[in-house]
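To keep things clear, I will list the structure first and then write my remarks on it.
We did not get these values from a lab; they are worked out from the coordinates using the rules stated. What you see is a predicted model, and the numbers here were worked out from it, not measured in a lab. Note that each Cβ is placed from the backbone with ideal geometry, even for glycine, and that neighbours are counted across all protein chains shown.
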């Protein structure tokens, strides 16, 4: 779904749907580990293959490993993974990502957070894009098995990237140990 984004300050990314399996830790203080496979639905704004935009413009499957450290109401987290394009993907060959973030749980199911994100998108041609961005977000856990992440991301460094603010939505269905805050 390509839409014109030339005159807009905020653009929207694709919708990501995941299943998160907590396999390490008990959901309380200390180290927590999780594995998160999922897919994306290309509903966001997109550009051409030489510029990483808010939306990728194609369906993807994803894999990620997540490590979190919980201490009372504070959480520190790190994540690394990749997205592989499926279906009509043009020249896209994949996207690697990593992030490091911190958050503070204001209420039992409500946590604002800030993250530093790195993305590297690879294409069949020599065109490649990478970005280092900051994301301000909100994590909402309406139940122990559903997590909703809302965020606004802004690139602070990059090559062949869209530097506008990007809005994002991620829905995760969790299982394993209790959904950490």
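Taking 41 Å as R0, compute the FRET efficiency from the Cβ-Cβ separation of residue 114 and residue 93 and round it to 0.05. Computed FRET efficiency for residue 114 and residue 93: 0.85.
Residues 165, 171, 131, ranked from the fewest to the most other C-beta atoms within 10 Å, line up as 171, 165, 131.
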